[in-house]
Structures are given as C-alpha cells and as structure tokens.
Amino acid sequence: MRKLALLFMLAVAPGSQLSFAQESQPTPKQPSALAGTDSPEALREHVPVLPAVRAKYWNIDPAVGYGMKDFGNGVYALSDNGWQSAFLVTEAGVIVFDAPASYGKHIPEAVAKVTNKPIKMLVYSHIHKDHIGGSVAFKNIPGLQIIALDTVSDFLKEMNDPNRLIPTETFKTSKTIKLGGKTVELTRHNYHSNEGDLFIYVPEAKFLMAVDSVTSGYVPFQDFDLSTNFHEYLKMFDEILAYKFDNFIGGHLTDTGTRKDVEITKEYTNDVYQTVKRIHNGLNERAFDAEIAKTIVPDNEFLIFKALLDRVTRDSVAELEPRWINRLAGVDVWLPSHVRAALIYVRWDDKE
C-alpha cells in the first residue's frame, strides 16, 4: 500500500493548498473494460475519485508534511492524506496512538505545537510497519511506555525491526489507561492482522480509532484491508457501532469518519458477501465443469476449477460495480479483490 499511497500523494500535492470543493463536479466515468491491467491506457481509464471525496482532502503544507485537527477534549488527529494517527493530551502527559512510517518523525513536533506536556505513552494498534514504523522517532523519549497486545510484542521481538520499537507493556484482551483525568479503553479484535488489532476509545471525547477497518468515502483497501479473518471482519462493523463516538479514525487516506461512514462500508461489505454467496451457490458446478471440459483437457482439474472461480468473480463484479461505482471511491480498483476475499470465505468457511 505504501507505493499506491505515494503515487496518490504525489498526484494531489500540487493542489494541496486549493479548495477542491470549488472545482467543477464532473460526472463520474463508467468502469473501463481495461480495468484490471496496469497499462498506461488502463490506468488513465480508471474512474476518478468522487468529487464529494476530493472535497474532503486535508490541506497539507508540503513543507510540514502533515495536518492536524482538534477533536476536542484533548484529542488531536494527524494525517498526511495517506495515513492517519492521533494523540491525547492530559494533565499528566500525552498518549500517542500509532506512529506511521510516513510522518512519524513529525509527531513529537506536532504534540509540542499544542502542549508542553511530555509524551508518556505510545500505543500500537497492530503490527504493520506502515502504521508504527515511525516509532523510532520516540526512541530517546525518557520513560516512554510502549503499549501493545502480547502477540504484537512477540511478533516485533522476532522481527527485530529497528524502526518498530519493542513494547514495554503488553496485555491479552483489554486494558484501561487512566492518565491525567482521561481514560483510554483498549480492546482486542481479530478482523485484520494475525496478531490482533486494537480498538482505541476515548469516552470523554467520544473518539474511536480502529485502524484498517473503514476508510471514509472509499471502499476498503485490497482484500478487505488485507483481512486474515473475513468471518471476524463481517462482525467488525457492529462492534464499532456499539461504541458511542462522534469522530472516527480508520488509519488511512483523506478524511476522518463518522458513524455514517461505518454504516455505508458495512452495507458495501455485506452486499459483496451476499452477492458472491448467491452467485456461487446458484452455479451448477457439474454442468459448468462439463461445459469447460469440452475445450480444456478434462484431467486439468486446477484449470477447470480456476475457470469456475473466475466465472463467479466476473459475474459478481459485473453485478456489484454499477451499484457502488458512484457511491464510494475506488470501487473499480479494489472490488475484484473484495469479491475474491468473500469467495474464499463462501467456498471454504461459510455455512450454506
């Protein structure tokens, strides 16, 4: 995702000081027949980012490298229009939530712009280096506590990556932090990373951070945000919506989110799942295999099976794309991978 986001940021940087809300509102293009290839012609034919999404890009000063929003009650969000993180200012010090590789080195200076309180804690949402690979910038902060799931810590110890500092304090399922009159609730979930993911909740601010879950205005990233457990991913939306929050950070791209963003991504994900399940389960495999065997050597079972999976994928994408192409950005980019992720679950894990 780093390469994709870099290309994206380079594309928007020249206009970073402009108000996209004032530009003309072109009618979104229909998906190209070339979509799915990496030729220059195909890349140019991809559907442009929806105007409503472009209007919410943060105005990032390239000389600074990040932007900051005050959510109130001590919570500040950071973004470079590619990654997102946050921090909480309390009377006794500051708690930082993630340190993305792209701008993590700037987080201490961002904190210093709003408070003279020291950074006391750094919380890791999960293991991925794009979200915590900037933690090396915190290496020389005296007495810093780095808090993470025990499984995250075990993985980082094995990796021995100098850019991802080893946690100093771990827990298994949940932990409540109280510092300077503020509360942070950390809860383990398993929708994304093999080593677990955290929901980070600040009740006083009605702020929730669930990284690599929902990207405001966009469909999820490839394979439903690289989910290693689609069964748990389907549950994730209701788990998020069970919290009382006004502001939401999903960790990526151009805007922070609200409950509405969670609800629409839930709708999209369930539509993908139910459509794939209906098309897959409605296909007569015996008849399909017999037809394919007329042109493919019958003993090439892998190829026959691939043709079946490809058929379900094509039919599902063809049905889903028109419903979503003008509702969320990136549909033509990642929908085929979402269909594949759902198909793996439907074919091998789901009930009939």
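May I ask you to list the residues in region 308-337 that are in contact (Cβ under 8 Å) with a residue 40 or more places away in the chain and under 13 Å from LYS277 (Cβ atoms)?
SER316, GLU319, LEU320
The residues of region 51-82 that are assigned to a strand (DSSP E or B) and among the hydrophobic types (A, V, I, L, M, F, W, C), listed by number, are MET68, PHE71, VAL75, ALA77, LEU78.
With a requirement of 1 or more residues that are without any contact (Cβ under 8 Å) to a residue 40 or more places away in the chain, the strands (runs of 3 or more DSSP E) lying completely within region 147-211 that satisfy it span 169-171, 174-179, 182-189.
Does TYR218 count as farther than 26 Å from VAL94 by Cβ, in contact (Cβ under 8 Å) with a residue 60 or more places away in the chain and open to solvent by 10 Å² or more (accessible area, probe 1.4 Å)? Yes: the conditions hold for TYR218.
Give the residue, chosen from ASP271, ASP261, ASP350, that is modelled with pLDDT of 95 or more, open to solvent by 20 Å² or more (accessible area, probe 1.4 Å), under 19 Å from TYR191 (Cβ atoms) and not in a helix (DSSP H, G or I). On inspection, the qualifying residue turns out to be ASP350. Being crowded, with 19+ Cβ neighbours inside 10 Å, hydroxyl-bearing (Ser, Thr, Tyr) and in contact (Cβ under 8 Å) with a residue 40 or more places away in the chain is a description that does not apply to TYR243.
A quick yes/no check of all residues on (1) out of contact with any strand residue (DSSP E or B) (no Cβ under 8 Å at 6 or more places or on another chain); (2) under 21 Å from ILE200 (Cα atoms); (3) open to solvent by 10 Å² or more (accessible area, probe 1.4 Å):
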position	(1), (2), (3)
LYS56	yes, no, yes
PRO62	yes, no, yes
GLY65	yes, no, yes
MET68	no, yes, yes
GLY72	yes, yes, yes
ALA77	no, yes, no
VAL96	no, yes, no
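Looking across SER125, SER85, one residue alone is in a loop (DSSP other than H, G, I, E, B), touching a Leu at 6+ places or on another chain (Cβ under 8 Å), in contact (Cβ under 8 Å) with a residue 40 or more places away in the chain and closer than 28 Å to THR228 by Cβ. It is SER125.
Can you say whether ILE292 is surrounded by 15 or more Cβ atoms within 10 Å (Cβ to Cβ), in contact with a Pro (Cβ under 8 Å, 6 or more places away or on another chain) and not polar (S, T, N, Q), as far as the supplied structure shows? Before the answer, list the steps.
On the way: surrounded by 15 or more Cβ atoms within 10 Å (Cβ to Cβ): yes; in contact with a Pro (Cβ under 8 Å, 6 or more places away or on another chain): no; not polar (S, T, N, Q): yes.
Criteria not met by ILE292.
When LEU144 is tested against (1) open to solvent by less than 50 Å² (accessible area, probe 1.4 Å); (2) under 28 Å from LEU253 (Cα atoms), just one condition goes unmet, and that condition is (2).
The values are calculated or read from the model by the stated rules, or taken from the named source; none is laboratory data. Quick caveat: nothing in here was measured; it's all calculated off a predicted structure. Glycine gets a Cβ as well: all are built from the backbone with ideal geometry, and neighbour counts include every protein chain shown. Areas reflect the complete protein model, heavy atoms only, side chains present, ligands, DNA and RNA absent. Shrake-Rupley method; radii C 1.70, N 1.55, O 1.52, S 1.80 Å.
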